Each structure stands twice: as C-alpha cells, then as structure tokens.
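> Okay, handing you the structure first.
The values are calculated or read from the model by the stated rules, or taken from the named source; none is laboratory data. Just so it is clear, the model here is predicted, and its values are computed rather than measured. Cβ: placed from backbone, ideal geometry, glycine included. Neighbour counts: every protein chain shown. These accessible areas exclude ligands, DNA and RNA; they are computed on the full protein's heavy atoms, side chains included. Shrake-Rupley method; radii C 1.70, N 1.55, O 1.52, S 1.80 Å.
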Amino acid sequence: MMQISSDPASNKNSLLNVMHRFIAATNNMDETIMVPSLLRDVPLEVQESQQVEVVENNEPPYPNKQKDMYEHYLLLKSIKNDMEWGLLKREMSGGASFLEMAVKQEEQQLIIGELPGEEGSDLEGQFHYHLRGLFGVLSKLTVQADHLTNRYKREIGGGNFMR
C-alpha cells in the first residue's frame, strides 16, 4: 500500500521543495562568487540541455537578454529576492517586478469592468498550467545557478579571468 506523507516539504516534487532548491542554489552561487565583477564581459556558455531551436529567420525564439555572466548573476539574485520578499520590498525600493506588473494589470482589468474569470472559468486548469510553468522555470533557473557557480569555480581555479 502506498503511503502519502503529510509533510509537503518531504515530497521532492512539491513546489516548496523546488523553490527551496532554487534558493539554495542561488545562495551557494552568492557564497561562492566572492568578486562578482570578475563575471563582467565573460560570455554565457550555451548549455547542451538549453540549446534553443532556431526558427525560420535564423533567430532563436527567446534570446538571452543577459549579455554576460555578471548580468546573469544579477538576474538570478533578483529573482531569488523577489521570491523571498515578494512585492513589498520592490515597492519600497521603487522597482517594478514582473509579479507586480501582473498584479497591476489585473487591478486595471477590474477597474474597467473585465472579470479575471472571463478568460476561462476553469480555475483548476489555469492553476495547473501555471504550476507546471513555475516548476519548469524554477528547475531551469536552479540548473543555471549551479552552472554559473561551477563555471566561476572552474574559471577562477584555472586563472582564466586574469587579463
């Protein structure tokens, strides 16, 4: 007979566990990278598992917006901070996160009379769709944080950052 644990954190596929793995990976990255400025002008490596298919016009559908490892490092730290602190810290600092923009858009829809449920009343389906997306994004970000940490260790160990 299969037993289901009552503790959601013990399930390796739980959202909380995926979030904890990402936060742990970014904390490890932050502790390992003592001098983040060394990452400036160091190009990102395309990982074999992350190679993007090229569409007809020879451009990837979702190009990386980060130009170098330093910008990628800042992106991962920013996402971790948004997850840990939510919208409150961004509002206090005056920045706008993706989550904050989505909340504002929903508020505007309510003001002009659109109901959020009009897009589709299948809330369970919408929840599962976004949950799968969140799992996928957090898993990829965790891999990227680990990759950035390992590459930093490899480059610093080999002295390849010295110019």
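> Determine the order of D41, D68 by accessible area, beginning with the largest, at a probe radius of 1.4 Å.
Largest accessible area first, the residues go D41, D68.
> In addition: Round to the nearest 0.05 the FRET efficiency obtained for H20 and K67 when R0 = 41 Å and r is the Cβ-Cβ distance.
About 0.85, to the nearest 0.05.
> Stretched out fully, how many nm does the piece from R40 to L123 gain, at 0.36 nm a residue minus the Cα gap?
Between R40 and L123, full extension yields 25.5 nm more.
> Counting only residues 5 or more places away or on other chains, whose amide H sits under 5 Å from the amide H of V42 once H atoms are built in the peptide plane?
It is M69, Y70, by chain and number.
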